[in-house]
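Undergrad: Please read through the structure below; I'll follow up with questions.
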Amino acid sequence: MSKPINDTPGPQHHGSLRSYIIGFSLSIALTVQAYLLVTTNAISGAGLMYTILALAIVQLFVQLFFFLHLDKATRTSWNLLAFIFMVTVVCIVAFGSLWIMQNLDYHMNPAETDTHIQQEERITR
Amino acid sequence: MKSLNLTPLPDVTSDKTVLGFWIYLMTDLVLFATLFATYAVLQGNTNGGSGSRELFSLPFVLTETLILLTSSFTCGLAMLAAQKRDKAQLIFWMVVTAFLGLTFLGMEISEFSMLVQEGNNWQRSGFLSAFFTLVGTHGLHISVGLLWIGVLVFKTVKDGLSDGLLKRFVLLSLFWHLLDIVWIFIFTIVYLMGAA
């Protein structure tokens, strides 16, 4: 509660009507865009996956900026540091799990283990 | 602003209570990340049952998403009213937010009960266990948020708008916005990617 909120320009951490409307419109546009890409089959396969995931990540930043006001004024704050730490942990947990499980699938699938060992790793009895 | 000696709303970047709550929210997101990872790993393990393509209705989920997104927006409008110390407008937008949140929760419960009635409950397969855990945890957070809105609105009507209550409204708005962000990822990863 150090700085009073007044009408002079400066950090406004609770946003303005304009910022909420921009954030809301952008979020709707991004959501509907991702939905239409999937329902109209405009692109398919891995390209579609990456595109809709990218749209979700763009929307994450739109909402962080316009709804949660994590912007330039918060650049040096602990909030931002905690957020960056959280993103790091989330990436390690999510991508690490997928990586490990895929690796386990590859090495421990009983039906295919012998084939993998012999053909792909070039190990023979 | 009419009077200059009003205490301002807690500054999101320097208030200790807000920082503490923010750190809780970050750990909450780590919890969701573990559930997302579990879902991503178990997604294909349908144990011979139906997969996400057969089970989910995209137009229904899009409606849910837009309702929650609108509730996040009205929650923002409530915070603008709080900034102006406008008690009537704050209560109005909070009630609208709660109404939209309740509609969202109702749609989610009806989706769950439909799945369970068709025999696709959480005991059916690893995929469905992970699905119900992830989406159910989000629904639980929404329920807690609704209860919180109810308590704060009740206290505001009863005791008037104090600085302590305003601070709690700020924390509530952070909670509600982050639940919306989590839902964007549920919508994308569970529903859109499941149907693609």
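Throughout, read-outs are computed from the coordinates displayed, never taken from laboratory work. Quick caveat: nothing in here was measured; it's all calculated off a predicted structure. Here the Cβ is made from the backbone with ideal geometry for all residues, glycine too, and neighbour counts use every protein chain on show.
Undergrad: Quick one: 3J(HN,Hα) in Hz for the stretch B:140-154, Karplus 6.51/-1.76/1.60 with θ = phi - 60°, rounded, Gly and Pro as x.
TA: Taking θ as phi minus 60°, the curve returns 5, 4, 4, 4, 4, x, 5, 4, 4, 4, x, 4, 5, 5, 4 Hz for the stretch B:140-154.
Undergrad: Find the centroid of the Cα atoms in the stretch A:47-64 and in the stretch B:141-157, then give the distance between the two in whole Å.
TA: After rounding, the separation between the Cα centres reads 31 Å.
Undergrad: Also: Under the Karplus relation 6.51 cos²θ - 1.76 cosθ + 1.60, θ = phi - 60°, what is the ordered set of whole-Hz ³J(HN,Hα) values for the stretch B:18-31, x standing for Gly and Pro?
TA: Each residue's phi maps through the Karplus curve to give 5, 4, x, 5, 4, 5, 4, 4, 5, 5, 5, 5, 5, 4 Hz.
Undergrad: Follow-up question, since we're still on this one. Label-point separation (nm) for B:K158 and A:I57, each offset 7 Å from Cα along Cα-to-Cβ?
TA: Here the modelled spin labels are 4.7 nm apart.
Undergrad: Taking Cα atoms, how many degrees apart are the long axis of helix B:163-186 and the longest axis of chain B, rounded to 10 and kept between 0 and 90?
TA: 20
Undergrad: On to the next question. Per 20 Å bin, what percent of the C-alpha pairs of the protein assembly as shown does each bin hold, from zero upward?
TA: Result returned by the calculation: 29, 53, 16, 2, 0.
Undergrad: With θ taken as phi - 60° and the coefficients 6.51, -1.76 and 1.60, list the Karplus ³J(HN,Hα) couplings across the stretch A:21-30 in order, rounded to whole Hz; mark glycine and proline as x.
TA: 5, 4, x, 5, 5, 4, 4, 4, 4, 5
Undergrad: On to the next question. For chain B, set up a Gaussian network in which alpha carbons nearer than 10 Å are linked by springs, and say which option among B:S52, B:S162, B:S143 fluctuates the most.
TA: B:S162
Undergrad: Another question, then. Let's test the formula: R0 of 51 Å, r as the Cβ-Cβ distance of B:L147 and A:A42. What FRET efficiency results, to the nearest 0.05? Numbers along the way, then the final one.
TA: On the way: r = 41 Å, r/R0 = 0.81.
Computed FRET efficiency for B:L147 and A:A42 comes out at 0.80.
Undergrad: Within 15 Å, Cβ to Cβ, of B:F154, how many net charges do the neighbouring residues add up to if Lys/Arg are +1 and Asp/Glu are -1? Walk me through the numbers before you get to the answer.
TA: Numbers: positive: B:K87, B:K155, B:K158, B:R168; negative: B:D159.
Residues close to B:F154 contribute a combined charge of +3.
Undergrad: Using the alpha-carbon atoms, what tilt in degrees (0 to 90, nearest 10) does helix B:58-83 show relative to the longest principal axis of chain B?
TA: Helix B:58-83 sits roughly 10 degrees off the main axis of chain B.
Undergrad: Taking the simple approach of a point 7 Å from Cα along Cα-to-Cβ for both B:A88 and B:V116, what is their distance in nm?
TA: 4.3
Undergrad: Can I ask one more? What's the FRET efficiency of A:Q33 with B:K16 using the Cβ-Cβ distance as r and R₀ = 35 Å, to the nearest 0.05?
TA: On the way: r = 40 Å, r/R0 = 1.13.
Computed FRET efficiency for A:Q33 and B:K16: 0.30.
Undergrad: Between A:H107 and A:T124, 0.36 nm times their residue separation minus their Cα-Cα distance comes to what?
TA: Details: separation 17, 0.36 × 17 = 6.12 nm, distance 1.56 nm.
Full extension from A:H107 to A:T124 adds 4.6 nm.
Undergrad: Can you pull the one-decimal nm distance between simple spin-label points at A:Y50 and A:T88, each 7 Å off the Cα toward Cβ?
TA: 2.7
Undergrad: On to the next question. Can you put A:W78, B:W148 in order of Cβ neighbours within 10 angstrom, beginning with the fewest?
TA: Details: A:W78 14, B:W148 17.
Taking fewest neighbouring Cβ atoms as first place, the list is A:W78, B:W148.
Undergrad: Ok, one more. Within 10 Å of each residue's Cβ, count the other Cβ atoms and sort B:W93, B:W176, A:W99 from fewest upward. Can you show the working numbers first?
TA: On the way: B:W93 21, B:W176 28, A:W99 10.
Least crowded to most crowded, the residues run A:W99, B:W93, B:W176.
Undergrad: In addition: Taking the Cβ of B:T46 as the center, what net charge do the other residues with Cβ under 15 Å away carry, scoring Lys and Arg +1 and Asp and Glu -1? All intermediate terms of the calculation are to be shown ahead of the outcome.
TA: On the way: positive: B:R53, B:R124; negative: B:E54, B:E118.
So the environment of B:T46 carries a net charge of 0.
Undergrad: Can you compute the FRET efficiency between B:E54 and A:L80 using 1/(1 + (r/R0)^6), with r the Cβ-Cβ distance and R0 = 35 Å? Round to the nearest 0.05.
TA: On the way: r = 43 Å, r/R0 = 1.22.
Given R0 = 35 Å and the Cβ-Cβ separation, E is 0.25.
Undergrad: Next up: Let me have the 222 nm mean residue ellipticity of chain B computed from DSSP H runs of 4+ only, each contributing -39500 (n - 2.57), with the sum over all residues rounded to the nearest 500.
TA: Details: 6 runs with 146 residues, N = 196.
Helix-only estimate at 222 nm: -26500 deg cm²/dmol.
Undergrad: How high is the relative contact order of chain B, in percent, counting Cα pairs under 8 Å that sit 6 or more residues apart? Please list the in-between numbers first.
TA: Numbers: 170 pairs, mean separation 66.3, N = 196.
That works out to 34 percent.
Undergrad: Once Lys and Arg get +1 and Asp and Glu get -1 on their Cβ, which of B:M94, A:N109, A:G45 lies farthest toward the positive end of the dipole of the protein assembly as shown?
TA: Towards the positive end, the residue furthest out is B:M94.
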